[in-house]
Amino acid sequence: MTIGMWGNPMESKAMVLEKFNQPLEMRSFPIPRLKEGEVLVRVKAAGVCGSDVHMWEGRDPRTRLPMILGHEGVGEIVEVTAGKRDTHGNPLRAGDQVLWNRGVTCGQCYFCKVKMEPSLCPYRWVYGIHTSCADPPYLTGNYAEYLPLDRKVDLFRIDNVTDLDALVPASCSGATTAHAFDLAGMESGDSVLVQGVGPLGIFSVACAKSFGASRIIVIGGTEERLKACEGFGATLILNRHTLSREERKEMVMETTHGRGVDVAFEMAGEPAALKESISLVRHGGCCVSAGFGEPHGTIELDCFHDIGRKNLRLQGVWVSDSRHTHMALELMLSRLQDFRKLITHRFPLSKANEAIRVMKTKEAVKAVLLPQNP
Ligand SMILES: [Zn+2]
Ligand SMILES: [Zn+2]
């Protein structure tokens, strides 16, 4: 690594996706000089997300090659321009540990300013998703040693946490789950169904518990992840490989006085899971669907039985904003011992391809890259 005149690094290694389905390649890029309001972070941990796998496979229409993957990160501030504050109003300084909201929004449009839903901002972009490294500032993904952050990025200062890497999921799956709960209108004492046991599903169990759910029913297919859900407070675990759809329905009805759940969270990204979720919601209940990050098929609904007669509220969820990152981060900090266990695999930056592989095969619940490790 080259060090500049003032002790700051001059360049940064990064893992670059040049061709779909081909190994990422390590490259070096110059670190740009900061403009007003910008922050340079040394990336301590970068989360490897299921959507990184989809991008690597070329299934995400937003991908522009060549690019540096990675939209989930935590790090330490190396340089910050004067006057920059975190979301609590703390002035930020070199050496502060931070997590940042992955989306950058315009702050001026109808969705940002009038409807207060920045996650729907048509100009929203995300480091490591919408960015290419072909042009300056090159370093635009978290699979890198350093990342310069735009002046519009919201930062959360994290004090007194030693294993920062455990917090990485707060910036993506945690925040999206918090958004789902923000929209669900759930009440304390409600019964909840969670479909899917990836990071979104596991977070949903933790959120449901903290929102005061009376019953938390989980449907999933990976035994180890179902166990993790139990650890977070699930009260009924239904393995879809060993129980038929009819058996699952029977068990859900039995535990909800024959009504179905008050709120169902579809976190699987499978059309069949959404259909099943709707069928297990009580009359007047709510079905929240947050599992679909890309086009993945359709379902057929009976307009009368599934929607009208049921007085169903069907709520979609698209990404998240800083409000939700805050919710997820605070939830994680309150149960860090539990959340720490979700990081099952850690790799140095040079092993990013192995990290993608263990996420693709579902060997890992969550893999992170530690770019400061050799
Ligand atoms: Zn993600
Ligand atoms: Zn906007």
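The values are calculated or read from the model by the stated rules, or taken from the named source; none is laboratory data. Computed from a prediction, not measured in an experiment: that's the story for all the values here. So basically every Cβ, Gly included, is an ideal-geometry build from the backbone, and we count neighbours across all protein chains shown. In case anyone asks, the SASA skips ligands and DNA or RNA and just uses the protein heavy atoms, side chains included. Shrake-Rupley method; radii C 1.70, N 1.55, O 1.52, S 1.80 Å.
Before moving on, here are some points about what is shown:
- Qualifying residue in region 211-219 (condition: assigned to a strand (DSSP E or B) and within 19 Å of Ile299 (Cα to Cα)): yes
- Being open to solvent by less than 10 Å² (accessible area, probe 1.4 Å), modelled with pLDDT of 95 or more and within 16 Å of ligand 2 (Cβ to nearest atom) holds for only one residue in Val98, Val126, and it is Val126.
- Boolean, Lys351 is surrounded by 13 or more Cβ atoms within 10 Å (Cβ to Cβ), farther than 24 Å from Gly103 by Cβ and within 17 Å of the chain's Cα centre (by Cα): no
- Residues in region 21-35 that are over 24 Å from the mean Cα position of the chain (by Cα) and farther than 13 Å from Leu149 by Cβ: Gln22, Glu25, Met26, Arg27, Ser28, Phe29, Pro30, Arg33.
- Every residue from region 304-348 that is open to solvent by 50 Å² or more (accessible area, probe 1.4 Å) and part of a loop (DSSP other than H, G, I, E, B): Arg309, Asn311, Trp318, Arg335, Lys341
- Arg64 vs. criteria within 21 Å of Met267 (Cα to Cα), modelled with pLDDT under 95 and of a type outside the set (A, V, I, L, M): no
Yes/no matrix, rows are residues, columns are (1) touching an Asp or Glu at 6+ places or on another chain (Cβ under 8 Å); (2) farther than 28 Å from Ile343 by Cβ:
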{"site": "Gly221", "(1), (2)": "no, no"}
{"site": "Gly231", "(1), (2)": "yes, no"}
{"site": "Ala272", "(1), (2)": "no, yes"}
{"site": "Ser279", "(1), (2)": "yes, yes"}
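- One residue stands out in region 47-62 among those that are out of contact with any His (no Cβ under 9 Å at 6 or more places or on another chain) and not in a loop (DSSP other than H, G, I, E, B): the one that is farthest from ligand 1 (Cβ to nearest atom), namely Trp56.
- Taking each residue of region 31-58 that is modelled with pLDDT of 95 or more and open to solvent by less than 40 Å² (accessible area, probe 1.4 Å) and looking for partners that are more than 16 Å from ligand 1 (Cβ to nearest atom) and of a type in the set (Lys, Arg) with beta-carbon atoms closer than 8 Å, six or more apart or interchain, yields Glu38/Arg151; Val39/Lys84.
- The set of residues from region 95-111 being more than 17 Å from Arg151 (Cβ to Cβ) and either aliphatic (A, V, I, L, M) or within 16 Å of ligand 1 (Cβ to nearest atom) (or both) comprises just one member, Leu99.
- Within region 112-145, tally of residues that are away from ligand 1 (no atom under 16 Å from the Cβ) and in contact with a Leu (Cβ under 6 Å, 6 or more places away or on another chain): 1
- Residue satisfying all of: in region 240-266; open to solvent by 10 Å² or more (accessible area, probe 1.4 Å) and in contact with a strand residue (DSSP E or B) (Cβ under 7 Å, 6 or more places away or on another chain); nearest to Cys207 (Cα to Cα) among these: Asp262
- Condition check for Gly141 on (1) of a type outside the set (A, V, I, L, M, F, W, C); (2) within 16 Å of ligand 2 (Cβ to nearest atom); (3) in contact with a Cys (Cβ under 9 Å, 6 or more places away or on another chain); (4) farther than 27 Å from Gln337 by Cα: one failure, at (2).
- Residues (acidic (Asp, Glu) and part of a strand (DSSP E or B)) located in region 232-288: Asp262, Glu266
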